[in-house]
Structure formats: structure tokens, C-alpha cells
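**Q** Let me give you the structure first, and then I'll get to my questions.
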Amino acid sequence: MKRSWTFFLTAVAATVIFICFFERLFNNDDSPSFYEGRSLHAIIQLNQIDRQNSSARVTGYHYDLLKKFASCVNAEIEIRSASMHSDPLDSLLLGAADIVVLEPSRVSANDSISYSNIIDSIAVWTVRSDDPRRHEELSAWMHGYIGSEMDDSVRSVFMTPLHPHRLAENGVRRSHITPYDEILKANADSIGWDWRLLAALMYQESRFNINAGSPRGARGLMQLMPNIRRYYGCENYLDPEQNIMAGTRLLERLEDIFRARSANLAELEKFTLAAYNAGDSRISQCIEFAESKGADPSHWDSVAAHIPEFSMMSTTDSTMRAFNGNETISFVNKVLSYYDCFKAICPTED
């Protein structure tokens, strides 16, 4: 019988907790756990690996692993990406971080640092060696979880490349699309969207990579600029819940702007997607320009037909910021195309 992805994740979490409980019960040597009850700080630095494995979600997988580890040892954890201009191992040695996840090439002899086994030839976890319990308890958890059937199932979702058009064309059906389906569903419901459309937007923006970034400073699953992240309460762009929530709140605001100008819900979604890419003021200018040319301003295709002309004007008018209208048109088309794929791959159940 086909199980839902929600049920699967719940079962995985419950089983992990079950294993942890009985390991503690039968291996209790009366010594207190090092990690239990602590507030941990972790740093992930896998930028090079992410670039080499652009179709995988390596940082997301290790973010999920860190969350599972913290839950198992009954600790709180904050996980952030390494700062561009700092060495996370320095943060580890200074006590500003408890766990650092980095590329194996960064491993070097240092008596002050203990390293885990290399995971999937991709990453290694590091802790300080001042208290041997740090490494012992981390290693014991990894030995029981990494490579288990549960881990293999979760890892496959993160690490298997996703090709929406190929899957849809081959008639592939799945009960899930992303590792973040439940977060997407909750946020999409809050604005009345099909969660698969929100997933399509997220795929276009980041390929479901929580560590995605752009040269202009957009970060995370929804590729939000720093000012937008801060405005909508996303303090940690690496956090999937915060990033998706902030992106959804932005979509909600954009819908409010274009609701009265759109012929129907489908057109509203198109204008909203365009504004997500280019900004609401720029799309408002495009609508006004198209209307001045006699086009129907309430339908995206009518407006989009005049965007290349408007875009050319923005490159010659010194009072206007240059605008790549073709990029925005392509953005909307790609998102809607991925949406069609996701509807075929993951159809709703009657």
C-alpha cells in the first residue's frame, strides 16, 4: 500500500527516537550525556560540494542530519552557513560553534579537533576534542544511523537529482516532490495556492538547495534578498521553514497588489510570479505600458507581448533602471512548466 510522505517522515522520526531511547537504556553507564539539554550551534560549509553537485541537496541533507542528531540527544540546535570571510574551524576552536560540517579536503592534523568518519565521501563533522564525550557520543549516533535503511530512504530524497520534465514524460508517479513538502503545503494553504505551484517556484529559484545563492545576494530555497528576509522574519536563510514562510508572505503581498488588475486567479498567479522575479513596481510599469499600447492589461500574455519593447526602453532611458524583460517572461514560463510537471508527477488524491 502506498504510504504518504508525511506518514513516512513521522515513522522515520519515531523510529530514530525509539532507537536512541533503547541505546540509552541498555548502554547506560550512569555517566551523563554530554549533549543532553544543551543549546548547540552548528556551522555548515559545503559550498564547493554544492557547486559540484548542483542537482543534489548536500547542505540540506546535512542540515536534516544535524536536526535528527539534536533531537536524538535531546538538545536544541541552531544551524547556519559559514560566513564567506571566516573559517568555521576558528569558530569551533573559540567555542562559538559546537559542530562544524565541512569538506574532507579541510581535514588536517590538529589535536584540538576530532573528526567523524567521512560521510558519502562528501562531508565530515568536526567537534572539539577537549572533552572526549563530544566525539564519542557523536560517533555512536552516526554508527547507528548513517547508512541505516531509514537514512538511505531520506538521503535518496535529498541526493537523487530531480528532472521534472523527464519524470513527467516517463509517467513517473510519486507521493512526494521535495524534502520540504509539508512546509510547502502549510504555507501554500495560507495563501490559497496549490502547494505544487509553490514547489515549482522554489525549484526554479533554488533547485530545492537550501544553500543556493545569487551574485546579487539572494539566498536560500526561495532566493530572498537580505532586506526581504529581514522584513518577513527570516533570520536564518538556511532554515527551510523560515525561508519558505518569508517567500510565501512576499507572494501574499504581491497578490494583494495585482488582485484588482487581474482577470482571474490564474492570471493573478502569473502577475505575482512575474513580480516575484522583477519586482512589483516594474511589473506595474509593464502593465501600464501594455495598456497604453491597447493591450488587455488584465491578462499576462497580453502584457508580456509588450514587455520586450518596454525592456528596450529601459536600457536607453537614463531615468530608468535596466530591465531584462525576457528573463522575467522566461521565469514565469519555466515556473508554470514545472508546475505542470509536478501535477503529473504528484497528482492529488481523490
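The values are calculated or read from the model by the stated rules, or taken from the named source; none is laboratory data. Just so we're clear, the structure is a prediction, and the values are computed from it rather than from any experiment. Cβ sites come from the backbone with ideal geometry, for glycine too, and all protein chains shown count toward neighbours. Each accessible area value is taken on the protein alone, full model and side chains, heavy atoms only, with ligands, DNA and RNA left out. Shrake-Rupley method; radii C 1.70, N 1.55, O 1.52, S 1.80 Å.
**Q** Could you tell me how many of the residues in segment 244-300 are among the small types (Gly, Ala, Ser) and touching a Pro at 6+ places or on another chain (Cβ under 9 Å)?
**A** Of the residues in segment 244-300, 1 are among the small types (Gly, Ala, Ser) and touching a Pro at 6+ places or on another chain (Cβ under 9 Å).
**Q** Among the residues of segment 186-205, write down those that are surrounded by fewer than 24 Cβ atoms within 10 Å (Cβ to Cβ) and closer than 14 Å to Leu254 by Cβ.
**A** Passing the criteria: Ile191, Gly192, Trp193, Leu197.
**Q** Okay, next question. Taking segment 31-46 only, how many residues are of a type in the set (Ser, Thr, Tyr), surrounded by fewer than 17 Cβ atoms within 10 Å (Cβ to Cβ) and within 16 Å of Ser71 (Cβ to Cβ)?
**A** 2
**Q** If you go through segment 331-350 one residue at a time, how many are within 21 Å of Tyr276 (Cα to Cα) and open to solvent by 30 Å² or more (accessible area, probe 1.4 Å)?
**A** Adding up the residues that qualify gives 6.
**Q** Residues that are open to solvent by 20 Å² or more (accessible area, probe 1.4 Å): list the helices (runs of 4 or more DSSP H) wholly contained in segment 227-306 that include at least 3 such residues.
**A** Passing ranges, in order: 240-258, 265-278, 280-292.
**Q** Can you name every residue in segment 147-197 that is among the hydroxyl-bearing types (Ser, Thr, Tyr), more than 24 Å from Leu265 (Cβ to Cβ) and in a helix (DSSP H, G or I)?
**A** Ser153, Ser156
**Q** Let me confirm something: among Lys270, Lys343, Lys334, which residue is within 26 Å of the chain's Cα centre (by Cα) and more than 30 Å from Asp64 (Cβ to Cβ)?
**A** Step by step, each of Lys270, Lys343, Lys334 is checked, and only Lys270 is within 26 Å of the chain's Cα centre (by Cα) and more than 30 Å from Asp64 (Cβ to Cβ).
**Q** Given the options Thr319, Thr315, Thr328, name the one that is more than 22 Å from Ser190 (Cβ to Cβ), of a type in the set (Val, Ile, Thr), part of a helix (DSSP H, G or I) and modelled with pLDDT under 95.
**A** Thr315
**Q** Here's something else I'd like to know. Consider Ile77 carefully, then state whether it is free of Cβ contacts under 8 Å to residues at least 40 places away in the same chain, within 23 Å of the chain's Cα centre (by Cα), within 20 Å of Ile210 (Cα to Cα) and open to solvent by less than 70 Å² (accessible area, probe 1.4 Å).
**A** In short, yes.
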